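The values are calculated or read from the model by the stated rules, or taken from the named source; none is laboratory data. Predicted model only: the values in this text are computed from it and were never measured. Ideal geometry is used to build each Cβ from the backbone, glycine not excepted, and the neighbour counts take in all protein chains shown.
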Amino acid sequence: MGMKIEIEDHTNELFDAMSVALKAAFEEIGQNAEAYAKAACPVDTGRLRNSISHQSKEREMQVGTNVEYAPCVELGTSRQKAQPYLRPSVENYIDKYKAIIVNELNKIG
């Protein structure tokens, strides 16, 4: 007598669930990074701070601004000291962002 073992392939479902989890994680990371950048942004008129936004995709998140003088504030110039607000909003919270990703992936079950 032989024994029959059937193995079901749920690879596609797993990848779909991971994709959804990563998309949710990167959106949450984007919201956090945007908030941190706005909190750290130097304010004169508020234009720069109000222009900061984020875009998240499945495996990518971007936080930034389209204000033309933003790089001068972030990086400084020969006349102005650098006042970083974008880079620290990502670099200073790496562990938190990793935890967000792990938390979302753990929801897959």
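Of all residues in the range 29-79, those satisfying the criterion of being of a type in the set (D, E, K, R) and modelled with pLDDT of 95 or more are Glu34, Lys38, Arg47, Arg49, Glu68, Glu74, Arg79. Taken over the range 65-109, the criterion of being among the hydrophobic types (A, V, I, L, M, F, W, C), farther than 21 Å from Ile52 by Cα and part of a loop (DSSP other than H, G, I, E, B) is satisfied by Ile108 alone.
Inspect all residues belonging to the range 71-79 and state whether any of them is touching a strand residue (DSSP E or B) at 6+ places or on another chain (Cβ under 7 Å) and not basic (Lys, Arg). Explain how you work it out, then say what you get.
Of all residues in the range 71-79, those touching a strand residue (DSSP E or B) at 6+ places or on another chain (Cβ under 7 Å) come to none.
No, the range 71-79 has no match at all.
Residues being more than 28 Å from Asp16 (Cβ to Cβ) and of a type in the set (Val, Ile, Thr) are represented in the range 53-71 by at least one member. Taking the criterion of being among the basic types (Lys, Arg) and free of Cβ contacts under 8 Å to residues at least 40 places away in the same chain, the only residue of the range 90-109 that qualifies is Lys98.
Pairs linking a residue in the range 36-51 that is closer than 11 Å to Val67 by Cβ to a residue that is part of a helix (DSSP H, G or I) and of a type in the set (A, V, I, L, M), with Cβ atoms under 8 Å and 6 or more positions apart or on different chains, are Cys41/Leu48; Cys41/Val73; Leu48/Ala70; Leu48/Val73; Ser51/Ala70. The set of residues in the range 72-109 being of a type in the set (Asp, Glu), out of contact with any helix residue (DSSP H, G or I) (no Cβ under 9 Å at 6 or more places or on another chain) and within 23 Å of Met18 (Cα to Cα) consists of Asp95 alone.
Just wondering, is there one or more residues in the range 12-33 that are in contact (Cβ under 8 Å) with a residue 12 or more places away in the chain, surrounded by 11 or more Cβ atoms within 10 Å (Cβ to Cβ) and touching a Cys at 6+ places or on another chain (Cβ under 8 Å)? Checked against the condition, which is being in contact (Cβ under 8 Å) with a residue 12 or more places away in the chain, surrounded by 11 or more Cβ atoms within 10 Å (Cβ to Cβ) and touching a Cys at 6+ places or on another chain (Cβ under 8 Å), the range 12-33 yields no hits at all.
Given the criterion surrounded by fewer than 10 Cβ atoms within 10 Å (Cβ to Cβ) and closer than 30 Å to Gly109 by Cβ, identify the matching residue among Met61, Met3. Please lay out each step first, then the result.
Numbers: Met61 fails: surrounded by fewer than 10 Cβ atoms within 10 Å (Cβ to Cβ).
Only one candidate qualifies: Met3.
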